[in-house]
Each structure stands twice: as structure tokens, then as C-alpha cells.
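Quick notes on the structure that follows.
Values in this text are rule-based calculations from the coordinates and carry no lab data. Quantities reported herein were computed from a predicted structural model and do not represent experimental measurements. Here Cβ is always computed from backbone atoms with ideal geometry, including for glycine, and neighbour counts include all displayed protein chains.
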Amino acid sequence: MPPNHTIHAVMVGMGENWRRSGIMPCVRSEIGRDKPVPYIIWSIEGPDGVVIVDTAYHPDYVTAEWAEGKMFIEPPTLMAEIGVKLDDVKTVVVTHFHVDHFTGFDFFPKARFVIQRAEYEFWTGPLMCHEYLNKLIRPKVRPALDRMMQEGRVRLVDGDVELHPGLELLRVGGHTPGSQMIAVQTSLGKAVICGDVAYTYRNLHERLPVGWYTNLADSVVALDRALTTATNPSLAYPNHDLGLMQGKRVVRVI
Ligand SMILES: [Zn+2]
């Protein structure tokens, strides 16, 4: 049996509602609602050390307008609550390149970032000649990414990969071309950190794909995969549901 892991969710910031956060919700009826949006770093602790999933965001790498009012707390302060020193983190899995998942990379100065090759090639490829797409990866991110590539701090993977025993990357695409989820062995069975395959529990429980995607069919299939991979539906974790946080900034989810 693969070893068990524990999982913490760490909320570095919170948007006041879907619309202001630029997140398209799963269903039209939720567009106008005041629904808070948490921005989360996941910490997975196991015998092979700490693996971080996503870096959330860094205020210097997003627009001032987007960062405004999100009650940002620097990740080192929050992660200290669970005894994780960011200088010691060796591995960060990036579910996808959206600003609220990747631009916090500077908080992890020694880490190697594990990214699907399809994700990297999309955001650095010929489609970036379209300004709409290009502006989604903020201007300061691209040179930083180039630098990390040159330093050997980016590991590109293709498809499903076992990172450590009990910790598996699942490439699903849909939301972005190289979106990946993380399947984690825990004492309660297999859990899945879904990334933006699911913003909320409602996406999962009603099998409603999120409103932002590059491939709708893959988004639908990805939800299925999250729910069939997790030992039970309560072990599939969406990325932007405030219910996860139980009113706290740092919470052990399993
Ligand atoms: Zn996203």
C-alpha cells in the first residue's frame, strides 16, 4: 500500500465576489451573486517531504486592481502555522498557469515547479500572438518563467505521472490545455485536489463544468475523473470554495 499523506489548505487571499475576481461561475444564475472566492495554496505532507500544489498569487505579478481588497497575507507567515518553511520546499506542482495559481512562485525560492508540457507550450506558444490570451499570463511572469527554465527549476511532464508513491499527477486539460489534478493517498482513501477543474463543490456534485475553459468536453470528462478517482465524493476538493476553509486561513482538510 502506498503511504498516507495529510493535506492542508492555506488561504492567502479572498475576493469578495465572482464577478470582481474575474472568475466565471459554473452557472449563469450565480454570476451576479456576492460569493466570496478564496485563493488557496495546498500543502501535502508525507514520507517524501512536503509537496506544494499551486502558489496562489503574488501582488507584484497581478494588476493592482485585481489584488485590491483581497486581504492578502504573505504565504510564509501562513505556512509557518503548519511548520512549513517555504525556503525548504523542493517541489511545487502547478495545476495550471492562471495568475491566481502560479504567480506566487517567488515565495518558493528553492523549489522546482512541476508543470504539464502542454500547459507550458500553450502559454509560450504561437497562440500568444493574440493579445487577449497573452495578457492572461502577466508581462512580468514570462521573463521569470524563462529564468526558472534556464536555472533548471521547471520540470515538464507529459500526461499522468507518479510523483512519489501515493502522489499522482493526472493530466486532464479542459480548463486550460495542460490542467492537472493531484491524487493523494490518505488515511481515508484517495483524495483529489482538483485545481480549477472544479471551483466549488457544486461543480463536482452537480457535474457542472466551470465557466472558463479551453475545451468544454475535456472539462466535463475531468469532473468525472475527479469523482471516479477519489475514494468518495467528499475527498474531491474544489479550488475556490470558501466552505473548504471552515472560517479559517489555514485548515487541515484531511
Ligand atoms: Zn484557472
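Data overview
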quantity: Geometric extent, Cα atoms of region 91-185 - Rg, Dmax (angstrom); calculated: 13.1, 41
quantity: Residue order, fewest to most surrounding Cβ atoms within 10 angstrom, among 48, 218; calculated: 48, 218
quantity: Inter-label distance, nm, simple model (7 Å from Cα along the C-beta direction), residue 149/residue 34; calculated: 4.5
quantity: Lysine pairs in the chain with Cα atoms under 18 Å, if 8 or more residues apart or on separate chains; calculated: 5
quantity: Residue 135-residue 161 FRET efficiency (beta carbon distance; Förster radius 41 Å; 0.05 resolution); calculated: 0.85
quantity: Which of 59, 105, 118, positive extreme of dipole for region 6-252 (C-beta unit charges); calculated: 59
quantity: Theoretical gain in end-to-end length, residue 217 to residue 73 [0.36 nm per residue, Cα-Cα removed]; calculated: 48.2 nm
quantity: Least to most buried among 58, 130, 164 (fewest other Cβ within 10 Å first); calculated: 130, 164, 58
quantity: Compactness of the chain, expressed as Rg and Dmax over alpha-carbon positions, Å; calculated: 16.6, 48
quantity: Added length on full extension, which subtracts the Cα-Cα distance from 0.36 nm per residue, residue 81 to residue 188; calculated: 36.2 nm
quantity: Candidates 66, 42, 18: whichever shows maximal mean-square fluctuation once the chain is modelled as a Gaussian network with Cα springs under 10 Å; calculated: 66
quantity: Most fluctuating residue given options 114, 84, 197, as computed from a GNM of the chain linking Cα atoms under 10 Å; calculated: 84
quantity: Bins of 5 Å from zero: percent of alpha-carbon pairs in region 51-103; calculated: 4, 18, 26, 25, 18, 8, 1
quantity: Rounded to 5, the percent of DSSP beta bridges in the chain classed as antiparallel; calculated: 70
quantity: Residue exposure sequence - 234, 43, 179, 187 - by fewest surrounding Cβ within 10 Å; calculated: 187, 234, 43, 179
quantity: At 1.567 mPa s and 4 °C, Stokes diffusion of region 212-254 via Kirkwood alpha-carbon radius, µm² per second; calculated: 107
quantity: Residue among 149, 11, 181 with the largest mean-square fluctuation in a Gaussian network model of the chain, springs linking Cα atoms under 10 Å; calculated: 149
